[in-house]
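The values are calculated or read from the model by the stated rules, or taken from the named source; none is laboratory data. Just so we're clear, the structure is a prediction, and the values are computed from it rather than from any experiment. Here the Cβ is made from the backbone with ideal geometry for all residues, glycine too, and neighbour counts use every protein chain on show. Quick note on the areas: whole protein, heavy atoms, side chains included, nothing else; ligands and nucleic acids left out. Shrake-Rupley method; radii C 1.70, N 1.55, O 1.52, S 1.80 Å.
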Amino acid sequence: MSETKQEIYARVSKEILSVLEDETDDIARMATISCLLHQAFDNRIWTGFYITDQHKDKELVVGPYQGTLGCLRIPFDKGVCGVAASTRETQVVDNVHDFPGHIACDSRSVSEIVVPVLRDDRVIAVLDIDSDLPAQFDDVDREALEELVDEIF
Ligand code: SME
């Protein structure tokens, strides 16, 4: 029998935590998470991070990712990533074409989840995952990804 989504998250989260056990560098952490999460699931066209730019007010800049070409910069008031960064709440979007202000880095993108990464009460980044199929993300993804970023960052 094939693994359930919960089982995949349990397996890949354990692997990520083990690989990153002694690693304190955020770029190394983000690169490893992007790689292992992207490879663990089918039907995903983008898995990665947008990092809060320290030199610009309220703007995200692309970080480590896997998949097709990502946009370079996203202001906090634009796109699904911007909403996640400014509200500090995970965004689950079944169909990005229905999301006002969605930014289409890849026109094949249909569903998306964006999880804010917080440290010391600041949004340091967001974790963004895109699929070319509708409604690929739900509370299972939300809970697993929130727990993962919470444990690592
Ligand atoms: N769709 C995102 C932009 C990032 S790409 O999907 C990689 C958004 O609307 O914020």
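A few remarks follow.
- Computed label-point distance, nm, for sites ASP120 and THR68 using a 7 Å Cα→Cβ extension: 3.8 nm
- Normalised by the number of residues in segment 5-152, the average gap of Cα pairs under 8 Å and 6 or more apart makes the relative contact order 21 percent.
- Shape of segment 5-152, Cα gyration tensor, a/c cut at 1.5: oblate
- Of the GluC sites (Glu not before Pro) found in segment 80-153, no site is in coil according to DSSP while having at most 10 other Cβ atoms within 10 Å of its Cβ.
- Where chymotrypsin sites (Phe, Trp or Tyr not before Pro) fall in DSSP loop in segment 15-111, at most 15 other Cβ within 10 Å: none
- Cα shape, segment 77-153, gyration tensor, a/c 1.5 rule: oblate
- The apolar share of the surface of the chain, taken as the fraction of accessible area on carbon and sulfur atoms (1.4 Å probe, ligands and nucleic acids excluded), comes to 48 percent.
- In this simple spin-label approximation, GLN6 and ASP53 carry label points 7 Å from Cα along the Cα→Cβ vector, and these lie 4.2 nm apart.
- Free-standing Cys residues across the chain, given no other cysteine C-beta under 4.7 angstrom: CYS35, CYS81
- Eligible aspartates and glutamates near LYS58 by straight Cα distance, threshold 19 Å, same-chain separation 8 or greater: ASP77, GLU89, ASP120, ASP121, ASP128
- Over segment 5-152, accessible surface divided per residue gives 51 Å², non-protein components excluded, 1.4 Å probe.
- Estimated distance in nm for a label pair at ILE27 and LYS14, the labels positioned 7 Å out from Cα along Cα-to-Cβ: 3.2 nm
- Karplus-derived 3J(HN,Hα), 6.51/-1.76/1.60, for each residue of segment 2-18, Hz, glycine and proline x: 6, 5, 7, 4, 4, 5, 5, 4, 4, 5, 6, 5, 4, 5, 4, 5, 6
- Contact order, relative form, for segment 75-130: 33 percent (alpha carbon pairs under 8 Å, 6 or more residues apart, mean separation divided by residue count).
- Restricting segment 44-78 to trypsin sites (Lys or Arg not before Pro) that sit in a DSSP loop and have at most 13 other Cβ atoms within 10 Å of their own Cβ leaves LYS56, LYS58.
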